[in-house]
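The values are calculated or read from the model by the stated rules, or taken from the named source; none is laboratory data. Values in this document were obtained by computation on a predicted structure and should not be read as measured data. Because the Cβ atoms are built from the backbone with ideal geometry, glycine has one as well, and the counts that use them run over all protein chains shown. Surface accessibility is based on the protein's heavy atoms, side chains included, excluding ligands, DNA and RNA. Shrake-Rupley method; radii C 1.70, N 1.55, O 1.52, S 1.80 Å.
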Amino acid sequence: MELKEKFISSFLAVDDFIDSHGPIYEIRNQAIKSFEASGFPTKKTEAWKYTSLKGLLKNELSIFPKQENAVEFKEVRKYFLHDIDTYKVVFVDGKYSSFLSQTTHEGVDVCLLSAALSKDKYRPIIENYFNKVASNDGMSSLNTAFAREGAYLYIPKHKEVEKPVEIINFYTGAETDLMLQPRNLIVVEDNAQVQIIERHQSLSSNAVLTNSVTEIFLGPRAQVDYYKIQNDHKEASLIDNTYIKQERDSTASVHTFSFGGKLTRNNLNFYQHGEYASSVMKGITLIEDNQHVDHNTLVHHISPNCTSHQDYKGVYDDRAVGVFNGKIFVEKEAQKLDAFQQNNNILVSDKATINSKPQLEIFADDVKCSHGCTIGQLDHDALFYMRARGIAEKEAKALLMYAFANNVLESVRIPELKKRINKLIALKMNVQIGFDL
């Protein structure tokens, strides 16, 4: 039986995420029908032209973990931020870990989708937002149909969350060829603020495929800072689908740090539904060997007087492959907007590959839109200058690459996270230079 048919036939076994009736159940039924029609994406689809899932889907993937696996805090401590207190929503092999989590119901709601659905206060909110902005493409539909659990964040009006929220999914490796389907729903109401850090982390070298969907809704004047840390083992693959809907005067910022994993595909989609909304997408990709990272972004400008800013930096060594496909779509009504898109790449090895495709579709006549793409190597004159002053070649290359990516790091608003990213970059470059800003 092909994997697609296997998943469709397994759909009726999903009964522990929510009850078997109501609006969300109907959404899930429609999602499996959508997946049946579209199937898994292939390279024949323009948006997946440079990224193939064929190698990941050739095995008999299991969509349901067969057992619960405990994880000790000492095993995973290094993956949390230590220098500051945070809320934590932690999952192990797709199941919630109350032992590792620290959630809250004091003024804000940081908890589970299943727990929130059991409350009369939150169920109508979830039913109003669940799957209202996510795409009906194959991978997102598959997640909608099979997601069993996820994080639910509800930030009420005028509330500023006093500490960051960490959403972490651990994979123990106890079961091979597992496909996880985490689902997050984040609702930030008028004039509220929150900072979120998301991570998918394998604890073994066994193969795993994670197909994640996150929906974020911002009310008027709301602010969300979202940080994705992708530094997994070389047999772990991630398809990360993020959908953000913004109302007027809201600001949504997403930073994506892609440092490890076998195959990583980031689908990041912004929809601006109110004037003076601001969307920020920044990323650093630093990979080697045969790793593959694909950033696919969309900013849909629907309202006038809005801004969007995209800035992605990539450094590729050995036979690594990078993809950037950034699309800016401007509706006729979206006048007087400012949209910027930039993708800069360095190929450290002659065998590395980057495919970059900026796209603009503009139907308004009073806008400021710009895009650019560069692909090159390290500046040999600058490298010679640093070597002439006694800096070893490895450290000199590391400094140049760090300077290349620094403008993305500068906009990270959590100092402790910025230090963590600096250390990860140093480890990837195999140098001992202190990169504190």
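From the list 311, 225, 249, which one is assigned to a strand (DSSP E or B) and in contact with a Pro (Cβ under 9 Å, 6 or more places away or on another chain)?
Matching residue, one of 311, 225, 249: 225.
Filtering 419, 394 for residues that are basic (Lys, Arg), out of contact with any Asp or Glu (no Cβ under 7 Å at 6 or more places or on another chain), in a helix (DSSP H, G or I) and open to solvent by 70 Å² or more (accessible area, probe 1.4 Å) leaves a single hit, 394.
Could you list, in sequence order, all residues of the stretch 243-279 that are among the hydroxyl-bearing types (Ser, Thr, Tyr) and buried (at least 24 other Cβ atoms within 10 Å of the Cβ)?
To start, the set of residues in the stretch 243-279 that are among the hydroxyl-bearing types (Ser, Thr, Tyr) comprises 243, 250-251, 253, 256, 258, 264, 271, 276, 278-279.
Correct list: 250, 256, 258, 264, 279.
Every test in (1) assigned to a strand (DSSP E or B); (2) open to solvent by 60 Å² or more (accessible area, probe 1.4 Å); (3) among the charged types (D, E, K, R) is passed by residue 351 save one, and that test is (1). Assessment of the stretch 32-52 against the conditions (assigned to a helix (DSSP H, G or I) and under 21 Å from residue 228 (Cβ atoms)) yields at least one matching residue.
For the stretch 257-312, give me each residue that is over 18 Å from the mean Cα position of the chain (by Cα) and β-branched (Val, Ile, Thr). Within the stretch 257-312, 302, 307 qualify. Scan the stretch 197-208 for residues that are surrounded by fewer than 22 Cβ atoms within 10 Å (Cβ to Cβ) and not charged (D, E, K, R) and the total you get is 6. Within the stretch 144-199, the set of residues being more than 30 Å from residue 59 (Cα to Cα) and among the β-branched types (Val, Ile, Thr) comprises 155, 161, 165, 186, 187, 188, 194, 196, 197.
When residue 425 is tested against (1) free of Cβ contacts under 8 Å to residues at least 60 places away in the same chain; (2) farther than 27 Å from residue 193 by Cβ; (3) open to solvent by less than 20 Å² (accessible area, probe 1.4 Å), exactly one condition is not met: (1).
Confirm whether residue 141 is crowded, with 16+ Cβ neighbours inside 10 Å, among the hydroxyl-bearing types (Ser, Thr, Tyr) and either out of contact with any Lys or Arg (no Cβ under 8 Å at 6 or more places or on another chain) or touching a residue at least 60 places away in the same chain (Cβ under 8 Å) (or both). Spell out how you get there, then give the answer.
Details: crowded, with 16+ Cβ neighbours inside 10 Å: yes; among the hydroxyl-bearing types (Ser, Thr, Tyr): yes; either out of contact with any Lys or Arg (no Cβ under 8 Å at 6 or more places or on another chain) or touching a residue at least 60 places away in the same chain (Cβ under 8 Å) (or both): yes.
Considered against the rule, which asks whether it is crowded, with 16+ Cβ neighbours inside 10 Å, among the hydroxyl-bearing types (Ser, Thr, Tyr) and either out of contact with any Lys or Arg (no Cβ under 8 Å at 6 or more places or on another chain) or touching a residue at least 60 places away in the same chain (Cβ under 8 Å) (or both), residue 141 comes out as yes.
Output the number of residues of the stretch 90-128 satisfying the condition of being in a helix (DSSP H, G or I) and open to solvent by less than 60 Å² (accessible area, probe 1.4 Å). Summing the residues that are in a helix (DSSP H, G or I) and open to solvent by less than 60 Å² (accessible area, probe 1.4 Å) in the stretch 90-128 gives 9. Residue 80 meets the stated requirement of being under 30 Å from residue 162 (Cβ atoms), under 23 Å from the mean Cα position of the chain (by Cα) and among the aromatic types (Phe, Trp, Tyr).
Kindly check whether there is at least one residue in the stretch 298-311 that is touching a residue at least 12 places away in the same chain (Cβ under 8 Å), hydroxyl-bearing (Ser, Thr, Tyr), open to solvent by less than 40 Å² (accessible area, probe 1.4 Å) and under 19 Å from residue 375 (Cβ atoms).
Checking the stretch 298-311: not a single residue is touching a residue at least 12 places away in the same chain (Cβ under 8 Å), hydroxyl-bearing (Ser, Thr, Tyr), open to solvent by less than 40 Å² (accessible area, probe 1.4 Å) and under 19 Å from residue 375 (Cβ atoms).
Put simply, of 213, 187, 194 the only residue that is in a strand (DSSP E or B) and either closer than 27 Å to residue 39 by Cα or open to solvent by 10 Å² or more (accessible area, probe 1.4 Å) (or both) is 213.
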